[in-house]
1. Go through region 14-51 and count every residue that is assigned to a helix (DSSP H, G or I), within 21 Å of residue 77 (Cα to Cα) and at pLDDT 80 or above.
2. Within region 373-383, is even one residue farther than 25 Å from residue 70 by Cα, at pLDDT below 85 and surrounded by fewer than 24 Cβ atoms within 10 Å (Cβ to Cβ)?
3. Among the candidates 304, 275, which residue alone is touching a residue at least 40 places away in the same chain (Cβ under 8 Å) and either touching a strand residue (DSSP E or B) at 6+ places or on another chain (Cβ under 6 Å) or assigned to a helix (DSSP H, G or I) (or both)?
4. Are any of the residues in region 415-430 touching a helix residue (DSSP H, G or I) at 6+ places or on another chain (Cβ under 6 Å), modelled with pLDDT under 90 and either surrounded by 14 or more Cβ atoms within 10 Å (Cβ to Cβ) or farther than 18 Å from residue 220 by Cα (or both)?
5. With respect to residue 332, determine if the residue is modelled with pLDDT under 90 and more than 20 Å from residue 462 (Cα to Cα).
6. From 325, 290, grab the single residue that is modelled with pLDDT of 90 or more, crowded, with 24+ Cβ neighbours inside 10 Å, farther than 21 Å from residue 265 by Cβ and in contact with a helix residue (DSSP H, G or I) (Cβ under 8 Å, 6 or more places away or on another chain).
7. May I ask you to verify whether residue 440 is over 21 Å from residue 64 (Cα atoms) and surrounded by 16 or more Cβ atoms within 10 Å (Cβ to Cβ)?
8. Pick from region 128-142 the residues that are free of Cβ contacts under 8 Å to residues at least 40 places away in the same chain and within 25 Å of residue 363 (Cβ to Cβ): which of them is nearest to the chain's Cα centre (by Cα)?
């Protein structure tokens, strides 16, 4: 282990950094962080109703298609993090692939997407807690529950890397066992439909005419398939990061994507009244299905596991966001850098950055109180920001390759690197265009173009900050 630590320290030194993090996160704990961030249970349960209303049961195939596309992105990230295993992920990668301005914008967009994702998960988890307690509550109490969840996970994160790793591992075990047990029970004991329902496009058109509905429902799967990058956000806390992190990223896609597909399939085949779920008459087909299959006692046991998944997902998201903010601040790239770059001498975590990743999402979650469809609106805003920032890294890798860069870490794709990077970028551009495509022509323009408006406002604010504050001039000259 000491040889691995010495190599990690020397690699960081060559890149211009002396790390003071506690490098104690094992491979499995690093993988668990990515898995609980991706969180198949949270992802599927939160958007299952929305996806069914948009595309009916064939929306299931999006979990396989989107998973394949994101796996290509994961491979690109693996090459980059293997050569640049630095805390903060997308920011230091973009800095070394392209330059400070590019890195600034990628990190700015990604950071706000992470803050919004934290808020989305907290707001999405609140109704499940109310179901666990057997209470019908309104928007106000749900918002308070979301704020309480953010406060709890912020407190846990402040306790240090060891606790973060252990809770992530506990969340992974609970969520994976829960997904297998619940999915297996639904498939074996509560099926109402045959597998042919996965091809039933009734009401949405057939053949190529179904494509718009499939694309519309794919946003739900897109929300499920990020989180693997979080493995790289804690690179300075993971031994042998150049080998372990690319592997844990791929494992996150394999296991997390497989679990998400399995849970979605089980729910689809067990929905008691598919017509009501697709039409929206059944506003919560997940609860309806679980209650019908397991009764109230079984349902509440499942919801207890779901709440563990939500909390561990929040914990992992905040860890990723705080390391991004720390990395930004360590290079003097953000207001308050002197404060945000400090690590606690006792817990070895960035305290101020963690508090910020609690306060900002809490404000976003509180704003959701005034939104008519808070969870879907917040999820959509989060997903588009993540995908745009991801593609800035992939495009950065393509640009760097065109200038002669060849990955020199312990994990590389060899001769396949260029074609895979190009394919990942093509997929990412198609995914972003799909999310931005207006699908409600009769709605007000600010609803129809909400995602595009989110990207423009976020990028515009970042550009204004960069123009006025010129933080990119502080970017250090680092080894490549």
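1. Number satisfying all stated conditions: 13.
2. yes
3. Only one candidate qualifies: 304.
4. No - not one qualifying residue is present in region 415-430.
5. No, not satisfied.
6. Values: 290 fails: farther than 21 Å from residue 265 by Cβ.
The unique qualifying residue is 325.
7. no
8. Initial filter on region 128-142 (free of Cβ contacts under 8 Å to residues at least 40 places away in the same chain): 130, 133, 135-138, 141-142.
Restricting the remaining residues to those that are within 25 Å of residue 363 (Cβ to Cβ) gives 130, 137-138, 141-142.
Values: 130: 24, 137: 28, 138: 27, 141: 26, 142: 22 Å.
Per the criteria, the residue is 142.
The values are calculated or read from the model by the stated rules, or taken from the named source; none is laboratory data. Note that the structure is a prediction, hence the values are computed from the model and not measured. Ideal geometry is used to build each Cβ from the backbone, glycine not excepted, and the neighbour counts take in all protein chains shown.
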